[in-house]
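This report concerns only the one structure given below.
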Amino acid sequence: MIITNKDVQIKKTGDKTSQKVLVAGDQIMMVEFYFDKGGIGVLHKHDDHEQIGYVAKGSFEITVGNETKVAKQGDCYYAAKTVWHGVVALEDDSILVDAFTPLREDFLTTSDK
């Protein structure tokens, strides 16, 4: 399967946030998250999912467990199952690319499956 980013539909998820489900397999998925300055990925945890993230553009204050750091383009993070994590965008047009395993069914629409 080869995915062309321009063909993937963007979904508004908040006042300063949007997302694209880039690709989903049976057990893994990749999602692109778009943030304007001040956009928040609320502090949360997954009981059943591991998550890795890559800062593709811009910068974020990222919290994973008890650690909080500023991450810029090229930086990444890992959130194991049950570990609290969240982000705050520090500039407009910031982008995170996250991978989840197993995939997040709650992010999928019928066209993504």
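Bear in mind these aren't lab numbers, they're just calculated from the coordinates by the rules spelled out. It should be emphasised that the depicted structure is a prediction, and the values quoted were computed from it without experimental measurement. So basically every Cβ, Gly included, is an ideal-geometry build from the backbone, and we count neighbours across all protein chains shown.
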Treating only Lys and Arg (+1) and Asp and Glu (-1) as charged, each at its beta carbon, one finds that the range 13-113 has a dipole about its Cα centre, in Debye to the nearest 20, of 120
Need one word for the chain: rounded, prolate or oblate. Basis is the Cα gyration tensor (sqrt eigenvalues a ≥ b ≥ c); a/c below 1.5 gives rounded, then a/b vs b/c decides. oblate
Simple spin-label model, 7 Å along Cα-to-Cβ: Q9 to D36 in nm? 2.3
Mind checking which lysines have their C-alpha under 24 Å from K37, skipping anything on the same chain fewer than 8 residues away? K6, K11, K12, K16, K20, K45, K57, K69, K72
Please give the residues of the range 9-44, grouped as numeric ranges, whose backbone N is less than 13 Å from a label point set 7 Å along the Cα-to-Cβ vector of E50. 28-29
J(HN,Hα) series, the range 44-53, from Karplus relation 6.51 cos²θ - 1.76 cosθ + 1.60, nearest Hz, glycine and proline x: 7, 9, 10, 6, 10, 10, 9, 9, 10, x
Long-range HN-HN contacts of V83 with modeled amide H, under 5 Å: H46
Among G38, L96, V83 the positive-end extreme of the charge dipole of the range 5-107 (Cβ point charges): G38
